[in-house]
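The values are calculated or read from the model by the stated rules, or taken from the named source; none is laboratory data. This is a predicted model, so every value here is computed, not measured. Here Cβ is always computed from backbone atoms with ideal geometry, including for glycine, and neighbour counts include all displayed protein chains.
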Amino acid sequence: MGKIIGWIKNNKLTFVLLLIVGYFIFKSFLVTNLSRIPSYNGNGYGGYGYSPEIGAKPSNLQDGTFSGVRSLGKIISPPQEAAPTTDVTNRMVISESYLSLLVKSVVESQKQIIQTAETLGGYMVNSNLNNPQDAPTATVVVRVPANKLQAALEAYRGLAVKVISENLSGQDVTDEYVDNQARLDTLEKTKAKFEEIFDKATQIQDILQIQREIINLQAEIDSVKGQQNYLEKNAQMAKLTIYLSTDELALPYSPSETWRPAVIFKQATRSLLGNLRKLGTALIWLSVYSIIWIPALLLIYYLKKKKTT
């Protein structure tokens, strides 16, 4: 340490120039690497974009997807459920399934998943493919008829080398559908009564007031019909979200074993490769900036040698 301090005292100008060059190299290196870090977009589930919206309301009735406003920092109270209906034989259930599959080829499996859905009478909702250096990954969202959900699950399991995780959930909306239907009948009867009164009205003020009531009732009827249409379509077409990768670590799942040497070895290897890449990047930056710091060192050496002579 004493030698270093002594060298700095004897070569103050050289030390200052090295600090300046090092500052610019570090600043450029830091800015470049920070710009490559992906920003958080709320899809914090294994990097696959699956994050159920909090308090989402159905708005797209064509493909059954949700779009809503995410509430952050607030406690959202659970929605009130309709009273159970016991006299309904055929329950209306919205089915949704999630699969994490370890596959040999992500691209081929992605194509086969979409083809299988179309063969069963369904369709693709969304498909994303990422091909980083470590391992390719993909997320495929499809819809198939609810009565063919099990056939689709069996077909998709057959594509995998290993099924990492599987989750099947259902939401019973029968009670909500029955209540909406009762409300719809009441609204339509009320609208019919107002239309009868409208036909007999003679005063302009009464006609305008009754007309406003009819318009409001029609808006409520359209809203309830939209909800009914949404429930019917989602109950008829089950939704499947399939995560694909050639690397088990890239898939969203909860490991059954807390300590797994093979997984730890992979993580350590990737960490080593990542640090080596960072070191190589720093050396490249240093070599590029050599056109600045090498002439500066030579100039300092020349001036110092000239001074001594």
**Request:** Tally the residues that are surrounded by fewer than 19 Cβ atoms within 10 Å (Cβ to Cβ) and either of a type in the set (Lys, Arg) or closer than 14 Å to residue 130 by Cα (or both), restricting the search to region 102-117.
**Result:** 5
**Prompt:** exposed (fewer than 12 other Cβ atoms within 10 Å of the Cβ), of a type in the set (Lys, Arg) and either more than 16 Å from residue 102 (Cα to Cα) or under 25 Å from the mean Cα position of the chain (by Cα) (or both): does that describe residue 148?
**Reply:** no
**Fill in**
The condition of being at pLDDT below 85 and buried (at least 16 other Cβ atoms within 10 Å of the Cβ) holds, among 251, 303, only for 251
**Asked** Of the residues that make up region 128-141, is at least one among the hydroxyl-bearing types (Ser, Thr, Tyr), under 30 Å from residue 270 (Cβ atoms) and either modelled with pLDDT under 90 or touching a Cys at 6+ places or on another chain (Cβ under 8 Å) (or both)?
**Response** yes
**Matching residues in region 157-179 - criterion: being over 21 Å from residue 227 (Cβ atoms) and surrounded by fewer than 17 Cβ atoms within 10 Å (Cβ to Cβ)** = 157, 158, 161, 162, 163, 165, 166, 167, 168
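Looking at region 227-237, which of its residues are surrounded by 14 or more Cβ atoms within 10 Å (Cβ to Cβ) and in contact with a Leu (Cβ under 6 Å, 6 or more places away or on another chain)?
230
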**Request:** Residue by residue through region 181-236, note down the ones that are without any contact (Cβ under 8 Å) to a residue 12 or more places away in the chain, closer than 30 Å to residue 149 by Cβ and of a type outside the set (A, V, I, L, M).
**Result:** 223
**Asked** at pLDDT 85 or above, in a helix (DSSP H, G or I) and either in contact with a Pro (Cβ under 8 Å, 6 or more places away or on another chain) or farther than 30 Å from residue 164 by Cα (or both) - does that describe any residue in region 264-276?
**Response** yes
**Request:** Confirm whether residue 167 is within 34 Å of the chain's Cα centre (by Cα) and modelled with pLDDT under 90.
**Result:** yes
